[in-house]
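Taking it in order: structure first as structure tokens, then the write-up.
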Amino acid sequence: DTAGIVAVPMYPPQTLAKMEAYGDTVRHILSASGARALITSESLKTLIGEQLADTTGASLYVESQVRGTHGDDASPEMPALDDLAFLQFTSGSTSKPKGVMVTFGNLAANAHAIMVDGLKSTPDDRGVSWLPLYHDMGLIGFVVAPLYTLVQVMFLPTMSFIRRPSIWLDAIHRHRGTITFAPNFAYALATRAVTDAQAKDWDLSCMRALGCGAEPIQADVLRGFLDRFAKHGLAPTSALPSYGMAEATLAITFWDIDKELRSDCLDVDEMRAGQASPGNGMELVACGKPFPGHELKVAGPDGSPLPERSVGEVWVKGPSVTKGYYGDPVATEEAFGGGWLKTGDLGYLADGDLYLCGRAKDLIILNGKNYYPQ
């Protein structure tokens, strides 16, 4: 825009009990991004100010101080597709959070992939979301992408959903929601926590796409959710497993919008040897195929594509793949070098559909055999 600002969304403190650890994250993100200003709310200003205590070069502002007025009528400059839109810091569960460089071109490509290729959306669709807006699934999935195709979205406060899961499905019923997304845990929570009294008047026949991603997807959780709410009109085709990551803007594969859930039951011993052979040990969910204009391969140790049902690292290529990590050329070369994004996820292809087995870093290798923690 005219201010030439690159935004860096950052999550608020979850609880007051862990402010020290939160302060470390804030300082790391400010330092890694080179941010000159930190904008927060009136209620968080004192808390965050105490954590910063002038240890970074960033000035602290309250959001009301930086709002424009109706008199600010200068036309925004049109950014180039290659310009940086914002930095999306990864969750950093295994390492310090890294700032993924998301360009306007990446956003356009991924918004098109999600809304047009994946969801086949129209302006008649209605999104419903309680996802936090500092995370890529909430920010890109329910703000940027719906704007791209002019789809209306109804937002619920994240903590309201956690306290009372029924408000999510109640909002879908009342607003005739057609698209929602959530991690696996939310479907398990809603199946368990919603009472028959809360659900008695619901009509969920409007729902086309119950997207599921951001953490390992369990087939029995999605089946349990579909079964629990089938009597309220929920279609068996509505479950939409997906796979994505911040390094590819957001989405990489979607299951087919019109098909029922598909899963694969595997022999665990064969899995340990790197082969996804049918058996009755481990059940994995099909996450679909890559979007048009994007490529995906399951790579062996030398980077060459493996045949179907061989387990290897998932590699991705295409216009949704971002430029790398801000200010970190070593990590960028490691993950993005050679024209492919090396996701660090292990998976296999069967009938062209992707199945995910786990993170390469979580794998335990013992006497040449692979042990998956889950």
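The values are calculated or read from the model by the stated rules, or taken from the named source; none is laboratory data. Treat the numbers as computed from the prediction; the structure is a model and nothing was measured. Counting neighbours? That spans all protein chains shown, and the Cβs are built from the backbone with ideal geometry, glycine included. Surface areas here come from the heavy atoms of the whole protein model, side chains and all, with no ligands, DNA or RNA. Shrake-Rupley method; radii C 1.70, N 1.55, O 1.52, S 1.80 Å.
Worth pointing out:
- For M154, the residues 5 or more places off, or on other chains, whose built amide H falls under 5 Å of its own are G127, V128, S129.
- Unit charges on C-beta of K, R, D, E only; dipole of the chain, Debye: 680
- Accessible-area composition of the chain, carbon plus sulfur, in percent [1.4 Å probe]: 54
- Using θ = phi - 60° in the Karplus curve 6.51 cos²θ - 1.76 cosθ + 1.60, the 3J(HN,Hα) couplings for the stretch 17-25 round to 5, 10, 5, 4, 5, 5, x, 4, 5 Hz; x is entered for Gly and Pro.
- The string of couplings for the stretch 292-303 from the Karplus curve (6.51, -1.76, 1.60, θ = phi - 60°) is x, x, 10, 10, 9, 9, 9, 9, x, x, 9, x Hz, one whole number per residue in order, with x for Gly and Pro.
- Sorting M101, M115, M78, M159 on solvent-accessible area from highest to lowest, probe radius 1.4 Å, gives M78, M159, M101, M115.
- The stretch 269-292 versus the stretch 190-227: alpha-carbon centroid distance in Å: 24
- Computed Kirkwood radius, in angstrom, where 1/r is averaged over Cα pairs of the chain: 22.2
- Net length available on complete extension from D201 to Y61 is 45.8 nm, with 0.36 nm assigned per residue and the Cα-Cα distance removed.
- Where the chain is the region considered: accessible area per residue in Å², 1.4 Å probe: 50
- Placing dummy labels 7 Å off each Cα toward the beta-carbon, the span from T149 to A37 is 3.5 nm.
- D83/A230 FRET efficiency (R0 51 Å; Cβ-Cβ; nearest 0.05): 0.60
- In Å², nearest 10: area of C206 left accessible to a 1.4 Å probe: 20
- Residues of the stretch 200-225 with amide N under 17 Å of the 7 Å Cα→Cβ point at L156: 200-213, 225
- For R359, the residues whose amide H sits under 5 Å from its own are L346, ignoring neighbours fewer than 5 places away on the same chain, with H placed 1.01 Å from N.
- Whole-Hz ³J(HN,Hα) from phi, Karplus 6.51 cos²θ - 1.76 cosθ + 1.60, for the stretch 194-208, glycine and proline x: 6, 8, 4, 5, 5, 8, 4, 9, 6, 10, 9, 5, 6, 6, 9
- Fraction of beta bridges assigned by DSSP in the chain that are antiparallel (%, nearest 5): 70
- FRET E, pair A17, H175, Förster distance 35 Å, beta-carbon r, rounded to 0.05: 0.50
- Taking the square roots of five times each eigenvalue of the Cα gyration tensor of the stretch 60-173, the equivalent ellipsoid has semi-axes of 25, 20, 19 Å, listed largest first.
- Rg over Rh [alpha-carbon atoms, Kirkwood Rh] for the stretch 105-153: 0.93
- Each of E63, E77, E308 has its accessible area taken with a 1.4 Å probe; listed largest first, they run E77, E308, E63.
- Per-residue packing, averaged as other Cβ atoms within 10 Å, sorts the ranges 284-297, 219-232 into the order 284-297, 219-232, beginning with the highest.
- Stokes-Einstein translational diffusion, the stretch 202-324 - Kirkwood Rh over all Cα pairs, 0.890 mPa s, 25 °C, in µm²/s: 153
- Here each label is just a point 7 Å from Cα along the line to Cβ, and for D267 and K120 those points are 3.7 nm apart.
- What the Cβ-Cβ distance of E260 and S304 gives, at R0 = 30 Å and to the nearest 0.05, is a FRET efficiency of 0.30.
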